[in-house]
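> Shown below is the structure under consideration.
The values are calculated or read from the model by the stated rules, or taken from the named source; none is laboratory data. These numbers were taken from a predicted model, which means no experiment stands behind them. Counting neighbours? That spans all protein chains shown, and the Cβs are built from the backbone with ideal geometry, glycine included.
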Amino acid sequence: MSLSVDIRKSYGSFTLDVAFEAEDETLGFLGASGCGKSLTLRCIAGIETPDEGRIVVNDKVFFDSEAGLNLTPQQRKTALLFQNYMLFPNLTVAENIGAGIGREVAKEERARIISEELERFGLRGFGQRYPAQLSGGQQQRVALARMLAARPGILMLDEPFSALDAHLKGVLEQSLVSLFEAFEGTILYVSHDIDESLRFCDRIAVVDAGRIAEMGTGDELVNRPRSVAGLKLSGCKNAVPVERIDGHTVHAPRWGVDVACAAAVPADATCLGVRAFYIERAEGPGENCYRMRVDRTSDSRFERTALLAFLDRDPADAAVPFDGNEMSYLHQHLFWRVSKRDTDILLPEVGDELWVRIPPDKVYLVCR
């Protein structure tokens with residue numbers, strides 16, 4: 001099983017230009033809304049037609065602009081699960097599952113496949129019900145069962161959990177595990193959630209403005225990001241432009257401070273990142289120690305996030321006041337995440353002035 005994609009498609013000011021290959025694996029597409037993740041899947045499925053390029057699945061050419069070849073969606077025999085599942089409301093659960101099975105399949109074999117998928121996804125006893133009689137979670141399981149029943153050459157899932165609450169999402173993730181375990185071949189998984197991508201995907205492609213910014217394992221993306229898009233999509237709250245000072249120091253104009261880095265600073269370094277939970281409270285001046293003011297706080301169940309302003313900024317880096325430009329104001333601050341479960345740490349409060357430290361070995365530097 002294999003997949004090879006090299007396509008381009010333009011929509012006015014937006015251009016999709018992606019090239020990648022995949023084997024028997026789950027390849028994730030991680031990116032913000034509108035970056036081209038779903039469009040890539042739709043081009044593979046034949047719902048959209050690229051302007052140029054080539055798509056090959058399991059040695060079968062789906063699309064080749066030079067050869068003038070463009071198979072129909074039916075000829076491609078792919079399985080694409082959308083966010084809304086797209087079940088047929090006038091068909092029963094069993095009929096929905098069997099909808100993708102080819103007409104050449106014998107009646108007895110069709111019944112066997114449907115029965116097998118009903119059992120696999122815990123839908124035994126629901127075969128004669130209609131989609132309107134099912135919960136959202138049950139509808140999703142029917143959609144997953146239909147995908148496998150069709151015996152597709154490739155599986156593609158487009159943010160299948162985006163409309164679900166946290167509890168139901170956790171339950172249904174197990175159904176997805178069953179799907180992935182039963183399928184032998186390439187699976188493409190679109191998401192904007194880094195944790196979701198890490199749980200399901202062998203590799204992750206970071207998509208930014210219609211292009212793949214980087215591709216690698218989840219561990220590589222989290223611990224060794226190589227692009228600004230990868231840095232931000234991996235969940236790094238602190239990502240700011242920098243200027244190289246020397247082999248181990250950069251200047252961050254938005255923060256108005258210099259930052260020492262344990263790793264060598266590349267000559268073309270453009271951005272620095274540090275995760276909010278790596279920030280440490282400090283006693284006073286020192287390497288990467290900064291005097292801060294707590295401007296905002298927000299609480300989750302187990303953590304408090306503090307927005308810290310640098311009090312000793314370089315005079316050459318003028319501070320941007322909050323005058324309606326919320327993003328510029330926020331980018332001047334350092335996000336600090338403090339665990340509420342650590343009783344030895346005093347939680348920061350708005351107005352507090354304190355010292356914090358950015359560990360030099362926890363600094364990420366990217367060049368694109």
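> Any residue in region 179-199 that's touching a residue at least 24 places away in the same chain (Cβ under 8 Å): show its pairings with residues that are outside any helix (DSSP H, G or I) and of a type in the set (S, T, N, Q) at Cβ separation under 6 Å, as long as the two are six or more apart or on different chains.
ILE187/THR26; TYR189/THR26; ILE194/SER234; SER197/SER191
> Let me ask something else about it. For SER135, work out the one condition from (1) modelled with pLDDT of 95 or more; (2) farther than 21 Å from SER191 by Cα it doesn't fulfil.
(1)
> Further question: Residue check, GLU159 against (1) at positive phi; (2) surrounded by fewer than 19 Cβ atoms within 10 Å (Cβ to Cβ), all met but one. Which one?
(2)
> Taking region 289-307, which residues are surrounded by 17 or more Cβ atoms within 10 Å (Cβ to Cβ) and assigned to a loop (DSSP other than H, G, I, E, B)?
none
> Out of the residues in region 1-49 that are surrounded by 15 or more Cβ atoms within 10 Å (Cβ to Cβ), within 18 Å of PRO160 (Cβ to Cβ) and small (Gly, Ala, Ser), which is farthest from the chain's Cα centre (by Cα)?
If we take residues in region 1-49 being surrounded by 15 or more Cβ atoms within 10 Å (Cβ to Cβ), within 18 Å of PRO160 (Cβ to Cβ) and small (Gly, Ala, Ser), then ALA45 is farthest from the chain's Cα centre (by Cα).
> Anything in region 169-225 that is under 18 Å from MET147 (Cα atoms), outside any loop (DSSP other than H, G, I, E, B) and in contact with a strand residue (DSSP E or B) (Cβ under 9 Å, 6 or more places away or on another chain)? List them, or say none. I'd like the intermediate steps shown before the answer.
Let us first name the residues in region 169-225 that are under 18 Å from MET147 (Cα atoms), namely 172-190, 200.
Next cut, outside any loop (DSSP other than H, G, I, E, B) only: 172-182, 186-190, 200.
LEU176, LEU179, PHE180, THR186, ILE187, LEU188, TYR189, VAL190, PHE200, listed by residue number.
> Looking only at region 300-331, which residues are at pLDDT 95 or above and more than 22 Å from TRP355 (Cβ to Cβ)?
None; the set is empty.
> List every residue pair whose Cβ atoms lie under 6 Å apart, where the two residues are 6 or more positions apart in sequence or sit on different chains, the first residue falls within region 337-360 and is under 16 Å from PHE277 (Cβ atoms), and the second residue, located anywhere, is surrounded by 12 or more Cβ atoms within 10 Å (Cβ to Cβ) and polar (S, T, N, Q).
As it stands, the answer is ARG337/THR305; ARG357/ASN288; ILE358/ASN288, since those pairs meet every condition given.
> Say whether the condition of being at pLDDT 95 or above and assigned to a strand (DSSP E or B) is met by at least one residue in region 156-168. Spell out the reasoning first.
Keep residues of region 156-168 that are at pLDDT 95 or above, which gives none.
The answer is no, given that none of the residues of region 156-168 is at pLDDT 95 or above and assigned to a strand (DSSP E or B).
> Against the definition (surrounded by fewer than 16 Cβ atoms within 10 Å (Cβ to Cβ) and assigned by TED's automatic domain parsing to the domain that holds PHE82), how does THR217 come out, yes or no?
Numbers: surrounded by fewer than 16 Cβ atoms within 10 Å (Cβ to Cβ): yes; assigned by TED's automatic domain parsing to the domain that holds PHE82: yes.
For THR217, the condition - surrounded by fewer than 16 Cβ atoms within 10 Å (Cβ to Cβ) and assigned by TED's automatic domain parsing to the domain that holds PHE82 - is met.
> Just checking, does region 104-111 include any residue being in the same structural domain as LEU155 (by TED's automatic domain parsing), surrounded by 13 or more Cβ atoms within 10 Å (Cβ to Cβ), touching a strand residue (DSSP E or B) at 6+ places or on another chain (Cβ under 7 Å) and more than 27 Å from HIS192 (Cβ to Cβ)?
No: zero hits.
> Assess whether ARG368 counts as being closer than 30 Å to GLY247 by Cβ and modelled with pLDDT of 95 or more.
Details: closer than 30 Å to GLY247 by Cβ: yes; modelled with pLDDT of 95 or more: no.
No.
> With respect to ALA145, determine if the residue is loosely packed, with under 13 Cβ neighbours inside 10 Å, outside any strand (DSSP E or B) and in contact (Cβ under 8 Å) with a residue 40 or more places away in the chain. Break it down into steps so the answer makes sense when it comes.
Numbers: loosely packed, with under 13 Cβ neighbours inside 10 Å: no; outside any strand (DSSP E or B): yes; in contact (Cβ under 8 Å) with a residue 40 or more places away in the chain: yes.
No, not satisfied.
> Follow-up question, since we're still on this one. Give, as residue ranges, the strands (runs of 3 or more DSSP E) completely inside region 237-288 that count at least 1 residues that are without any contact (Cβ under 8 Å) to a residue 60 or more places away in the chain and not hydroxyl-bearing (Ser, Thr, Tyr). Spell out how you get there, then give the answer.
Values: elements: 238-241, 243-246, 249-252, 257-260, 271-274, 280-282.
In region 237-288, the matching strands (runs of 3 or more DSSP E) lie at 238-241, 243-246, 249-252, 257-260.
> Checking THR78 against (1) of a type outside the set (A, V, I, L, M, F, W, C); (2) on the phi > 0 side of the Ramachandran plot; (3) modelled with pLDDT under 95, which test does it fail?
Every listed condition holds for THR78 apart from (2).
> Would you mind finding the one in GLU119, GLU66 that is surrounded by fewer than 14 Cβ atoms within 10 Å (Cβ to Cβ) and modelled with pLDDT of 95 or more? Before you say what the answer is, go through the steps one by one.
Details: GLU119 fails: modelled with pLDDT of 95 or more.
Being surrounded by fewer than 14 Cβ atoms within 10 Å (Cβ to Cβ) and modelled with pLDDT of 95 or more holds for just one of GLU119, GLU66, which is GLU66.
> Which residue pairs have Cβ atoms closer than 7 Å, lie 6 or more positions apart in sequence or on different chains, and pair a first residue in region 24-47 that is over 11 Å from VAL190 (Cβ atoms) and not assigned by TED's automatic domain parsing to the domain that holds GLU181 with a second residue that is modelled with pLDDT of 95 or more and not in a helix (DSSP H, G or I)?
Hits for this filter: zero, empty list.
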